[in-house]
Amino acid sequence: MQASVFVGASVDGFIARPDGGLDWLPVGGGEPHGYDAFMATVDALVVGRNTYEIVLGFDAWPFGAKPVFVLSTGTLLPAPGGAVVERLSGAPAEIVSRLAARGVGHIYVDGGITIQRFLGAGLIQRLIITRVPVLLGQGIPLFGAVPDDIKLRHVATRSFASGLVQSEYHLGDAADQTPTALW
């Protein structure tokens, strides 16, 4: 199974304000930057409960009918109509194994702690990070402490008229693969 991250971060490395706020992101994502093409390759999403609750506050459910697996040991807030949401818990390797057994081939991993846990477990093969030209000074970091270096292979970097700068990296076995940039 392939696990990828597609995330926006401030230049100083935060993915949200301390309260989870995303008001600093460009409205509507700014100009097209590969998100739709990326989502077309994804079978399901794996997100943390905090990310799920933030997304519930959006004007519209952004994931359509794609299955969204929310990592939580507690009860989830109700999903909007048409959303396919399921609660899961367990270690990242266990989650990947269970989803692979269900025929899921490519997951989009999202949410600060969830990304950090999957990276720490060596389960992410592809990172696509879009830097937004803003310094927040504090917030929820994209990366936390790692026990060992995580080697990345740079695939491509692209800049956009709005000032967004997007870089793609491959990790682990994916580092030996041919680049498959979105542009």
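Give me, ordered by chain and number, the residues 5 or more places off Leu88 or on other chains with an amide H under 5 Å from its own placed amide H.
Amide H neighbours of Leu88: Val70, Leu71, Ser72.
Restricting things to Cα coordinates, could you compute the convex hull volume per residue of the stretch 77-138 in Å³?
Per residue, the Cα convex hull of the stretch 77-138 comes to 161 Å³.
Could you give me the radius of gyration and the Dmax of the chain, taking only the C-alpha atoms into account and expressing both in angstrom?
Using the Cα atoms of the chain, the pair Rg, Dmax is 15.7, 42 Å.
List, in order, the whole-Hz ³J(HN,Hα) value for each residue of the stretch 97-103 obtained from phi through the Karplus relation with A = 6.51, B = -1.76, C = 1.60 and θ = phi - 60°; use x for Gly and Pro.
4, 5, 5, 4, 5, 8, x
So for the stretch 6-157: antiparallel DSSP bridges make up what percent, rounded to the nearest 5?
In the stretch 6-157, approximately 10 percent of DSSP beta bridges are antiparallel ones.
May I ask you to evaluate 6.51 cos²θ - 1.76 cosθ + 1.60, the Karplus curve with θ = phi - 60°, for each residue of the stretch 12-21 and list the ³J(HN,Hα) values in order in whole Hz, giving x for glycine and proline?
After applying 6.51 cos²θ - 1.76 cosθ + 1.60, I find 8, x, 9, 9, 6, 5, x, 8, x, x Hz.
Only Cα pairs within less than 10 Å get springs; with that Gaussian network setup on the chain, which residue of Val27, Val165, Val68 has the largest fluctuation?
Judging by the Gaussian network model, the answer is Val27.
Carbon and sulfur together cover what percent of the accessible area of the chain at a 1.4 Å probe radius?
Carbon and sulfur together cover 54 percent of it.
For the stretch 22-75, what log10 I(q)/I(0) values come out of the Debye formula at q = 0.21, 0.26, 0.31 1/Å, with one point per alpha carbon and no solvent?
Once normalised to I(0) and log-transformed, intensities are -0.98, -1.28, -1.31.
Where in the stretch 43-90 are there chymotrypsin sites (Phe, Trp or Tyr not before Pro) that are in a DSSP coil and have at most 16 other Cβ atoms within 10 angstrom of their Cβ?
Phe58
Suppose a student asked you for the relative contact order of the chain, using Cα pairs under 8 Å spaced at least 6 residues apart; what percent would you report?
Relative contact order, the chain: 33 percent.
Give me the 1.4 Å probe accessible area per residue for the chain, excluding ligands and nucleic acids, in Å².
Computed with neighbouring chains in place, this is 50 Å² per residue.
Could you compute the net charge surrounding Glu168? Neighbours are other residues with a C-beta less than 12 Å from the C-beta of Glu168; K and R count +1, D and E count -1.
After counting each charged neighbour, the total is +3.
Determine the calculated [θ] at 222 nm for the chain from helices alone, applying -39500 (n - 2.57) to every DSSP H run no shorter than 4 residues and normalising by the residue count; nearest 500 deg cm²/dmol.
It comes out at -4500 deg cm²/dmol, rounded to the nearest 500.
For a quick check of your reading of the filter: which trypsin sites (Lys or Arg not before Pro) in the stretch 75-104 sit in a DSSP loop and have no more than 14 other Cβ atoms within 10 Å?
Sparse-neighbourhood loop trypsin sites (Lys or Arg not before Pro): Arg102.
Mind listing the long-range amide H neighbours of Phe6? Cut-off is under 5 Å, sequence gap 5 or more, other chains count too, H placed in the peptide plane at 1.01 Å from N.
Val109, Ile128
Put +1 on the Cβ of each Lys and Arg and -1 on the Cβ of each Asp and Glu in the chain; which of Ser10, Val146, Leu123 then has its Cα farthest toward the positive end of the dipole?
Value: Leu123.
The values are calculated or read from the model by the stated rules, or taken from the named source; none is laboratory data. Keep in mind that what you see is a predicted model, and the values were worked out from it rather than measured. Cβ atoms come from the backbone with ideal geometry, glycine included; neighbour counts cover every protein chain shown. When the accessible area is computed, the model is the full protein with side chains, heavy atoms only, and any ligands, DNA or RNA have been set aside. Shrake-Rupley method; radii C 1.70, N 1.55, O 1.52, S 1.80 Å.
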